[in-house]
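Below: one structure, written as structure tokens.
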Amino acid sequence: MVGGGPTPAYHSALRPVFADIRRMVASGCPYLGFSAGAMIAGDQAVLGGYQTGGVDVCPADWSEGLNEITLRGGLGIVPGVIEVHAAQAGTLGRAIHIVLRQQARIAVALDEDTALHSSADRATEVLGAGRAWWIHANELGQAVVDPVSAGQSVPDQVQRLQHGR
């Protein structure tokens with residue numbers, strides 16, 4: 001379990017054991033990450049930032065002290081990028097810009113009180129009171145945003161992107 005806190009510090013502290021964590025997850029050990037713990041779980045970890053090209057895309061309060069959106073190699077236990085506090089903190093815009101800048105093929109921005117449950121033998125499931133906002137680029141390079149609430153099916157296009165098809 002990796003909880004909330006300063007994402008850059010968690011990323012830096014856990015980076016030396018990323019391969020060990022990936023092996024544990026691959027062998028069936030569950031991973032629970034919330035807030036910063038979720039943000040480092042993707043192929044790319046969102047360390048922070050609130051601007052792209054000097055233009056604000058989310059509130060500076062969620063920047064982790066960084067100006068430009070900053071990504072680094074993540075744990076790689078879920079595809080793409082995970083963003084958190086989406087609707088409540090206004091970080092959905094950051095996730096959209098990450099996809100538009102082609103820093104990730106897919107991003108998932110999670111609302112408060114919302115979780116994803118993924119396993120090798122089941123489709124990804126949304127749990128909780130909010131939404132999971134799946135973002136990917138279409139063939140024209142435009143951002144497509146698919147909000148999914150608990151009990152709704154994850155769109156086929158998103159499932160294909162998550163599984164590299």
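Read-outs: derived from the displayed coordinates by stated rules, not from any lab. Computed from a predicted model, the values in this text were never measured in an experiment. Counting neighbours? That spans all protein chains shown, and the Cβs are built from the backbone with ideal geometry, glycine included.
Considering only DSSP beta bridges where both residues belong to the stretch 18-165, give the percentage that are antiparallel (nearest 5). Write down the numbers at each step before the final one.
Details: 23 of 30 bridges.
Taking every DSSP beta bridge within the stretch 18-165, about 75 percent pair in antiparallel fashion.
If r is the Cβ-Cβ distance from S12 to R101 and R0 is 25 Å, what FRET efficiency results, to the nearest 0.05?
In this case the efficiency is close to 0.60.
Taking the Cα centre of the chain as origin and charging only Cβ (+1 Lys, Arg; -1 Asp, Glu), how large is the dipole, in debye to the nearest 20?
Result for the chain is approximately 500 debye, rounded to the nearest 20.
Which of the trypsin sites (Lys or Arg not before Pro) found in the stretch 1-102 are loop residues per DSSP with 16 or fewer other Cβ atoms within 10 Å of their Cβ?
Taking the stretch 1-102 and a limit of 16 other Cβ atoms within 10 Å, the loop trypsin sites (Lys or Arg not before Pro) found are R101.
For a distance above 23 Å, tell me the whole-number percent of Cα pairs in the chain that qualify.
32 percent
Between D56 and V145, with labels modelled 7 Å along Cα→Cβ, what's the label distance in nm to one decimal, could you check?
Once both label points are built, they end up 1.7 nm from each other.
Any idea which of G37, A109, A120 is furthest toward the positive side of the dipole for the chain, if Lys and Arg beta-carbons carry +1 and Asp and Glu beta-carbons -1?
Checked the options; the winner is A120.
What relative contact order, as a whole-number percentage, does the chain give when Cα pairs under 8 Å and 6 or more residues apart are counted?
16 percent
Over the stretch 2-79, what is the relative contact order in whole percent, taking alpha-carbon pairs under 8 Å and six or more residues apart?
So the answer I get is 35 percent.
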